[in-house]
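The values are calculated or read from the model by the stated rules, or taken from the named source; none is laboratory data. Keep in mind it's a predicted model, so treat the numbers as computed, not measured. All Cβ positions, even for glycine, are placed from backbone atoms using ideal geometry, and neighbour counts span all protein chains on display. Each accessible area value is taken on the protein alone, full model and side chains, heavy atoms only, with ligands, DNA and RNA left out. Shrake-Rupley method; radii C 1.70, N 1.55, O 1.52, S 1.80 Å.
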Protein chains: 2
Amino acid sequence: MIQTCIPILEVHAMATLSKRDQLVKTATELFAEFGYHATGIDKILQQAGVSKKTLYHHFRSKDELILAVLRDYDSLFRNDFMKQVDNEADSPKGKLLGVYDVAERWFNSDDFFGCMYIKAIGEHSDPKSPFRDVCKQFKKLTRNYLEELCVEAGYRAAAELADQLALLLEGAIVTAQVSPEIDAARIARDAAEIIISAQEKKSH
Amino acid sequence: MIQTCIPILEVHAMATLSKRDQLVKTATELFAEFGYHATGIDKILQQAGVSKKTLYHHFRSKDELILAVLRDYDSLFRNDFMKQVDNEADSPKGKLLGVYDVAERWFNSDDFFGCMYIKAIGEHSDPKSPFRDVCKQFKKLTRNYLEELCVEAGYRAAAELADQLALLLEGAIVTAQVSPEIDAARIARDAAEIIISAQEKKSH
DNA sequence: CGCAAAGTATACCGATCTGTTTCCTTTGTC
DNA sequence: GACAAAGGAAACAGATCGGTATACTTTGCG
């Protein structure tokens, strides 16, 4: 393609990932599938097509790469998830239940290996680990998103409802991870419907 | 103490763990806290006070030790859990809700680091991994236990109810693991109560 | 007692781990 | 075209990994 103007170049430059982003993306995929300790630096470098020197130019250590992975994935995943939920339904209640439909597609995708943050805490149980805050933050933001949907739907006890719906989502994620043959998303959706219905009767 | 008769000797011999059980017990604790890949053989041996030769006399490899850990823990944990639930209440419904009270005590204990099986799958995502079956089996047996309680309580849709209550329990476990300051057990219990109540209204 | 099984302690093996260093090439910019 | 920054390839370091081998000691039991 002939480079005709600057904007095209810029767009192209953005579409082509920087070395740093290549590293983070590859590391995300490998960490998700094989775990953090089991994934060596060399495997990431080989698969990303990046040299070791470049890695340690962008990150001080493997732990900092992990931290970058967790931070980047946080916004990426939630943005994509929320966008899909938005397309799932128009009504707030429909979106609330749509959460579990989007989750079901996620569970059935080829690159589903459970939640990166649960996995991270599972391998780094120290409460003072730098990963702890990022993981808690992700779970908190996800729960708050559910609360927003509850508020939009006009439910009085939005906080309590969000807590319970978040718990169902977590349970569905780990169940789908351990036992893929169980339709965990549908179970969670059914339970969510019951809990929401009970809330609606109270709100009247 | 003077050894007066055979039975006492036998009881004492059973109370003193065999080398194999010492290994499994120590490995269980370390795997639970630090994960499977991060826990080296040498650390287990040192903490168990057992030599390396003895380990490889009882187990062919680290993976077989992990397998033994998962298998032993399955019956040990569920037996203890069910016994505690039994003492929690007399009525079937009380026991059903008591599950989450027992879980709360578990979450608040010093040696709570999440579910060993979720952790195992998180570090060994290969569907053909020998760990997969043990983990799925544990989850299945736990769910079936909940279904038994539902049947005893006389709920018609015991299977569906058990699926949902199991999901809530899973969600509570990972939430308590990632965010200890959240009272995940109480949230799960509240949600369980709502789901059970809805079931009771249908069953009439 | 005497013997075999089980145990300890320790050195060792090859592989792999994170991280550093060296030397050379590419690339973007003034 | 020159120069500095970034990147690549590969050797290297020190530690640790899972697992084996050797030599000695303890223990249970007929």
Filter result for B:Q164 (closer than 25 Å to B:L65 by Cα, open to solvent by less than 30 Å² (accessible area, probe 1.4 Å) and at the interface with chain A (Cβ under 7 Å from one of its Cβ atoms)) = no
Regarding B:K43, is this residue farther than 17 Å from B:D21 by Cβ, outside any loop (DSSP other than H, G, I, E, B) and within 14 Å of DNA strand C (Cβ to nearest atom)?
-> yes
Within the stretch B:50-64, which residues are assigned to a helix (DSSP H, G or I) and either within 11 Å of DNA strand C (Cβ to nearest atom) or more than 14 Å from chain A (Cβ to nearest Cβ) (or both)?
-> B:K52, B:K53, B:T54, B:L55, B:Y56, B:H57, B:H58, B:E64
Name every residue in the stretch A:51-83 that is surrounded by 15 or more Cβ atoms within 10 Å (Cβ to Cβ) and over 29 Å from B:G40 (Cβ atoms), in order of residue number.
-> A:T54, A:H58, A:D72, A:D74, A:F77, A:F81, A:M82
Among the candidates B:R60, B:R78, B:R71, single out the residue that is closer than 18 Å to B:S129 by Cβ, more than 14 Å from DNA strand D (Cβ to nearest atom) and basic (K, R).
-> B:R71
Please work out which one of (1) assigned to a helix (DSSP H, G or I); (2) within 16 Å of DNA strand C (Cβ to nearest atom); (3) at pLDDT 95 or above is the condition B:A13 fails and give its number.
-> (3)
Among residues belonging to the stretch A:136-155 that are assigned to a loop (DSSP other than H, G, I, E, B) and open to solvent by less than 50 Å² (accessible area, probe 1.4 Å), point out the one that is nearest to the other protein chains (Cβ to nearest Cβ).
-> A:Y155
All conditions in (1) at pLDDT 95 or above; (2) open to solvent by 70 Å² or more (accessible area, probe 1.4 Å); (3) away from chain B (no Cβ under 14 Å); (4) within 16 Å of DNA strand D (Cβ to nearest atom) are true of A:K43 except (3)
Could you tell me which of the residues A:D190, A:D133 is open to solvent by 20 Å² or more (accessible area, probe 1.4 Å) and either on the phi > 0 side of the Ramachandran plot or facing another protein chain (nearest Cβ under 10 Å) (or both)?
-> A:D190
Just one of B:S75, B:S18 is within 30 Å of B:D101 (Cβ to Cβ) and at pLDDT below 95; which is it?
-> B:S75
Selection count, the stretch B:29-40, where residues are part of a helix (DSSP H, G or I) and touching a residue at least 12 places away in the same chain (Cβ under 8 Å) | 5
Output for Cβ contacts, cut-off 6 Å, separation at least six or different chains, first residue at the interface with chain B (Cβ under 7 Å from one of its Cβ atoms) in the stretch A:99-123, second part of a helix (DSSP H, G or I) and open to solvent by 40 Å² or more (accessible area, probe 1.4 Å), reads A:F113/A:E33
Inspect the stretch A:195-204 for any residue being under 21 Å from B:K119 (Cβ atoms) and either open to solvent by less than 10 Å² (accessible area, probe 1.4 Å) or touching a residue at least 24 places away in the same chain (Cβ under 8 Å) (or both) and give the result as yes or no.
-> no
